[in-house]
1. Between VAL173 and ARG320, 0.36 nm times their residue separation minus their Cα-Cα distance comes to what?
2. Given axes a ≥ b ≥ c from the Cα gyration tensor, I'd like to know whether region 244-313 is rounded (a/c under 1.5), prolate (a/b larger than b/c) or oblate.
3. Can you give the accessible area of GLU160 in Å² (nearest 10), computed on protein heavy atoms with a 1.4 Å probe?
4. Using DSSP to call loops (not H, G, I, E or B), can you name the trypsin sites (Lys or Arg not before Pro) in region 116-180 whose Cβ has at most 14 other Cβ atoms within 10 angstrom?
5. Of LYS295, LYS352, LYS151, which has the most accessible area with a 1.4 Å probe, and how do the rest follow in descending order?
6. Determine, from the Cβ-Cβ distance of ASN337 and GLU300 and an R0 of 25 Å, the FRET efficiency 1/(1 + (r/R0)^6), rounded to the nearest 0.05.
7. Length gain on complete extension for the stretch ARG137 to LEU47, per 0.36 nm per residue less the alpha carbon to alpha carbon distance?
8. Between ARG267 and LEU223, what is the label-to-label distance in nm when each label sits 7 Å out along the Cα-to-Cβ direction?
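The values are calculated or read from the model by the stated rules, or taken from the named source; none is laboratory data. All values reported here derive from a predicted model rather than from experimental measurement. FYI the Cβ positions are ideal-geometry reconstructions off the backbone, even for glycines, and counts take in every protein chain you see. With ligands, DNA and RNA removed, areas are computed over all heavy atoms of the protein, side chains included. Shrake-Rupley method; radii C 1.70, N 1.55, O 1.52, S 1.80 Å.
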Amino acid sequence: MNISPRIMANSPDTRYTLKVVGAKQCLSSDGLTPEINETLLSIEKRLLNLEKKIVLNSGDTPPAVWDMRAKVENLREKLESVEHMSWLGLYKDIDGKSSKDGKDKKSNGMVHCCGTKKTKEKYLFSQQVFEKFERLRSVELTDATRELLKKPTFDIWQWEDSEMLYLLQQMFVDLKLVERLYIELPHLQAFLFQVHLSYNYTPYHNFRHCFCVTQMMYGLIWLCNLQEKLDDIEMLILLVSAICHDLDHPGYNNAYQVNAKTELALRYNDISPLENHHASVAFEILSCDASNVIKHLTPENHKRFRSGMIKCILATDMARHNEIVTAFKGVIDCYDNENADHRLLMMMIFLKVSDISNEARPMDVSEPGSSVSFRSSSCSLTQRSWRVYPLHPLWTERKSLNLQLKSGLLSSFSFPSTRL
């Protein structure tokens with residue numbers, strides 16, 4: 001009897017011996033047996049040590065090491081997807097849809113990350129950025145730079161991605177959130193790496209926009225002395241919400257998602273599909289143990305953090321702009337800082353202001369961001385069959401923004417928000 005083309009047929013003299021090796025396995029939290037998990041961790045640790053030695057000797061990581069890292073990650077992904085470990089082999093193709101070369105067609109060159117799937121090129125680029133970020137650990141930020149970081153005039157365009165990651169980490173440190181909320185630096189760094197990985201290569205809603213919004217939030221915290229008005233959990237909500245508010249943004253707005261009946265629009269029933277997705281990806285990242293910066297919060301504070309962060313991110317949907325601004329105006333005269341609802345409304349306003357604050361920066365800093373923003377909108381419209389969907393009133397027949405309408409947009413949304 002021949003039960004597999006890979007195994008020789010048995011005979012009376014060479015009988016098959018069946019042994020159960022996959023039943024009642026004690027799995028770890030990531031779905032692997034302790035032995036396999038320990039082996040993988042050992043391989044990853046040895047690979048990391050090898051990388052460090054090569055970097056110290058040559059100053060850069062050769063392609064061969066990147067390839068080896070990708071293979072280890074691919075092995076882990078395969079093992080985590082195996083439902084049954086059996087004597088038939090290490091990996092069982094349950095669907096029977098593997099390609100001829102042994103690679104899974106469904107992967108399509110994608111690497112699974114916390115909450116999203118990214119191309120291997122994007123993953124490797126983020127790894128290179130993170131390596132540079134790790135080298136900055138021993139660098140002491142000057143007092144002058146730390147003071148500039150607290151101001152809205154800060155120039156966001158002169159910093160590389162690795163340096164922006166370092167500055168984001170410094171914000172947590174200088175606000176004493178690391179110390180007071182027992183945030184472990186390796187977890188914070190892993191969290192920032194996953195955030196960088198989750199931002200797409202879109203013209204505007206990319207990692208630099210994330211840094212721009214977070215830096216403005218950080219500046220407003222110091223400018224308005226929010227440390228005396230909010231507790232540590234609320235401060236953490238503001239900072240993490242700013243960092244995560246556009247995670248995995250596809251580059252096309254909610255109007256497009258709804259009109260095109262995209263997966264996000266169907267999933268969230270046309271209700272703020274992008275903002276719901278951003279919040280969901282954020283908590284996918286925070287659910288991973290290695291990148292969980294809120295793991296030491298009490299259950300009550302964890303609940304407060306999750307609720308507040310979701311509400312803040314959902315508030316960035318411009319469809320709700322008038323609703324939220326009107327609500328805040330209604331409590332300005334009777335604002336009570338002891339009222340948790342009043343504080344949450346203020347936090348939502350601060351995130352909204354930070355999100356559309358580019359025009360409040362000096363002209364030489366704001367102009368590149370403004371130009372990219374409007375070019376992004378134009379690109380979105382032309383590349384996604386704009387004739388199928390109704391044009392927004394702000395668009396002219398030439399598919400470009402009229403300068404008067406652009407000025408009206410800024411005077412209607414950006415400037416009034418910053419004056420609240």
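1. Extending this stretch completely gives an extra 49.6 nm.
2. Numbers: a/c = 3.05, a/b = 2.22, b/c = 1.37.
Here region 244-313 falls in the prolate category.
3. Roll a 1.4 Å probe over it and GLU160 shows about 110 Å².
4. On the way: sites: LYS117, LYS118, LYS120, LYS122, LYS132, ARG135, ARG137, ARG146, LYS150, LYS176, ARG180; in loops: LYS150, LYS176.
Sites meeting the loop and neighbour criteria: LYS176.
5. LYS151, LYS295, LYS352
6. On the way: r = 20 Å, r/R0 = 0.82.
Step by step, r from the Cβ atoms, then E = 0.75.
7. Values: separation 90, 0.36 × 90 = 32.40 nm, distance 2.05 nm.
This chain segment gains 30.4 nm when fully extended.
8. 3.4
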